[in-house]
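Just so it is clear, none of the values below were taken in a lab; they were calculated from the coordinates. Predicted model only: the values in this text are computed from it and were never measured. Please note: Cβ atoms are built from the backbone with ideal geometry, for glycine as well, and neighbour counts cover all protein chains shown.
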Amino acid sequence: MIPLIHTMYLDGFINALEGNAERKSQLYRDAMCPFPQKEETRLVSYASFESLLRNAAEQYGNEKLVEAIQSSIQNDILPVLTRGLVNSTSLFQWNVAQVIHNAEPYLSGFWLGAMKHYGKPIMVVEPVDQSSVKFVFAEVYFSIFSLELFRLLLNGNSIKSSLYLKVDELSDIHHYLAKLYQQQCVLCFAQPYTGIELLPTECHSHIQLFAVRTHGVETFSESLKSALGPIFDEHDISLDIASDVTSIPRRTIQRRLEKEGLSFLKIKESLVIDKAQSLKTMGKNITQIATELHFSSVGHFCRFVRRRFNLTPTQLFEELERTRKAA
């Protein structure tokens, strides 16, 4: 399972940073993230999200990054995820559970919920399959999210919580995080979970341990397609690109696909056909489709379709349209 995150988490903090459109576009390109497109709902890989945050920190500095994240969470994220909440500090944990429910469509491949840790209830937000990868900046992002959520739910009251981090040691960005939220949290490193202590200390039964299941993605191959699809326009998809985007070694990707009876070539072919169908729906002709799919010529694209489906492109699009209407 490849953890995926909605583009709304990316676009808000990038918009909050200073700089012109080209500078910000380069940040997206370097991290292999799709450019913002408000008309589309898209998920990107958690590894690309981490790269975007790390690159922004290198260019703008940790302080500017944390301030941009804080601003985006306050102005872009929490207004979306706090719909339907009751304005009462006595219903703090009920409101936390509601936010977790509201967050379901915007994350895939994540643990979301509450659990007991060292005898204390904590709210957990972390990817299901991290292997040995430490997502330092993404973990800071969701730590800020948790702290800003608690500040909002407690109506600005300053109550100190333990903030649990999986990273082993304090880095420069953690120094600024600790300074900014010194009245609100204590950082605890090398923990088994990424989370924040729930307040008050009694965890009600309606908030379940890891209550939220992953959404929309059931297999590794589907999650891989979801991670690669949004960057198809900007990158010629390869196994190396897939490894960079997911932080999963090439051979591991191949093994996981083999377990599903698939190969990376089949995944790439499926991405090509999905994109071709989308372009056809937009009114593009065969020549334009071949160009946008990175084929060297129309003939090359036609041979690809013939080899894969034993059809001409026109016949393939007609077949796909019949299948769509029958579904």
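Descriptive notes on the structure:
- P(r) of the stretch 223-327 over all Cα-Cα pairs, binned every 5 Å from zero, in whole percent: 2, 11, 21, 22, 18, 14, 9, 2
- Sites matching chymotrypsin sites (Phe, Trp or Tyr not before Pro) across the stretch 88-123 that sit in DSSP coil, with at most 10 neighbouring C-beta atoms within 10 Å: Tyr118
- Taking only the C-alpha atoms of the stretch 20-77, the Rg (one decimal) and the largest Cα-Cα distance, Dmax (whole number), read 11.7, 32 Å.
- Tail fraction, Cα-Cα pairs, the stretch 92-195, threshold 19 Å, whole percent: 42 percent
- Those trypsin sites (Lys or Arg not before Pro) in the stretch 62-162 that DSSP places in a loop and that have at most 15 other beta carbons within 10 Å: Arg83, Lys134, Lys160
- P(r) histogram, all alpha-carbon pairs of the stretch 270-327 included - 10 Å bins from 0, percent: 24, 62, 14, 1
- Applying D = kT/(6 pi eta Rh) to the stretch 109-166, where Rh is the Kirkwood radius over alpha-carbon pairs, T corresponds to 10 °C and eta to 1.306 mPa s, the Stokes-Einstein value obtained is 125 µm²/s.
- Across every direction, the projection of the convex hull enclosing the Cα atoms of the stretch 1-130 has a mean area of 9.4 nm².
- Counting every pair of alpha carbons in the stretch 53-131, the share spaced more than 19 Å apart comes to 55 percent.
- In summary, the lysines within cross-link reach of Lys179, defined as a Cα separation below 16 angstrom excluding same-chain residues under 8 places away, comprise Lys64, Lys160.
- Cross-link reach list, lysines versus Lys225, counting only Cα pairs under 19 Å and skipping chain neighbours closer than eight places: Lys259, Lys266, Lys268, Lys275
- The mean of 1/r over all pairs of different alpha-carbon atoms in the chain, once inverted, gives a Kirkwood hydrodynamic radius of 21.5 Å.
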